[in-house]
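The values are calculated or read from the model by the stated rules, or taken from the named source; none is laboratory data. In this text, all values refer to a predicted model and were calculated from it rather than measured experimentally. Here Cβ is always computed from backbone atoms with ideal geometry, including for glycine, and neighbour counts include all displayed protein chains.
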Amino acid sequence: MDGFNLVISSPVCQMVKLPLRLQLHGGGSGRPACSILYLLHSGFDIAMQSLRATVPQIPLDQGLVEARQGRLNFSRVLFLDIDGVLHPELPTAKPQFCYLRNFHQTLRRVDPLANMPVVISSDWKLHHPLMDLKMRFPPDLAQQIVGVTPDHFGFPHGNRESEINTWMNQHAATGDWLAIDDRPRWFQAGCMNLFVVAGVKEGGSGGLDSAVCQVLQTRLSTFLGPSTGDARA
């Protein structure tokens, strides 16, 4: 055969509304000369990298920082994932941001004055402007969301932890950080700065339900202990 187009309608491609089209060329035996399994395996990376950073990235909302001058303490910074944290990963029957209220209440118990900066580390940052993301959060919590992490995926050794470290080095070099995430493989093994939310496949709820938030509250209380430095902005 001379070749044919194969359109793969995978859940990932449906999610991003992009069919993955592969051009296969026949070999002498009449079989495809390329490895379909390899292409299927790499299809996720091909699709996602072609869609990364479709909106401008705002690492730090200077207007917000200036407006809340003296009331944001950058000695402690919280990095927040969305999928698998504020709602279960797809596919799920639960609505988006179904666990947001739990997270909001938990955060307010340990940070009643909303002094701790929150940075969006989720891939939602790539396809939703910062202002649109903030609109999904309660107003007082939106006033804590100071920006988003850079995008390091596709680069050598690029992962979520490297994105967080870059953000901290640029905007809160003397501070400490804590990440709430459901993907421990995107961090160094045994990362002490990570609060892992177990997914459904791992036997968890796939998000910040009430039981997980009880544990998170304890972790945040410890994290927000006596400051080791003055990094207010």
Checklist entry - Before we move on, is Thr218 among the polar types (S, T, N, Q), surrounded by fewer than 16 Cβ atoms within 10 Å (Cβ to Cβ), in the same structural domain as Ala67 (by TED's automatic domain parsing) and not in a loop (DSSP other than H, G, I, E, B)? => result yes
Checklist entry - Which of (1) within 19 Å of Pro112 (Cα to Cα); (2) modelled with pLDDT of 95 or more; (3) assigned to a loop (DSSP other than H, G, I, E, B) is the odd one out, the single condition Gly225 does not satisfy? => result (2)
Checklist entry - What single numbered condition from (1) of a type in the set (S, T, N, Q); (2) touching a Ser or Thr at 6+ places or on another chain (Cβ under 9 Å); (3) surrounded by fewer than 18 Cβ atoms within 10 Å (Cβ to Cβ) fails to hold for Asn102? => result (3)
Checklist entry - Which of the following residues is surrounded by 20 or more Cβ atoms within 10 Å (Cβ to Cβ) and among the basic types (Lys, Arg): Arg160, Arg108, Arg136, Arg183? => result Arg160
Next on the checklist: Criterion first (more than 20 Å from Leu194 (Cα to Cα) and over 15 Å from the mean Cα position of the chain (by Cα)) does Phe155 satisfy it?
Outcome noted: yes
Item to check | Output for region 150-182, where each listed residue is of a type outside the set (A, V, I, L, M, F, W, C) and touching a helix residue (DSSP H, G or I) at 6+ places or on another chain (Cβ under 7 Å) | outcome: Pro150, Asp151, His152, Gly154, Asn159, Arg160, Glu161, Gly175, Asp181
Next on the checklist: Any residue that is more than 24 Å from Phe187 (Cβ to Cβ) and in contact with a Leu (Cβ under 8 Å, 6 or more places away or on another chain) - is there at least one of those in region 146-162?
Outcome noted: no
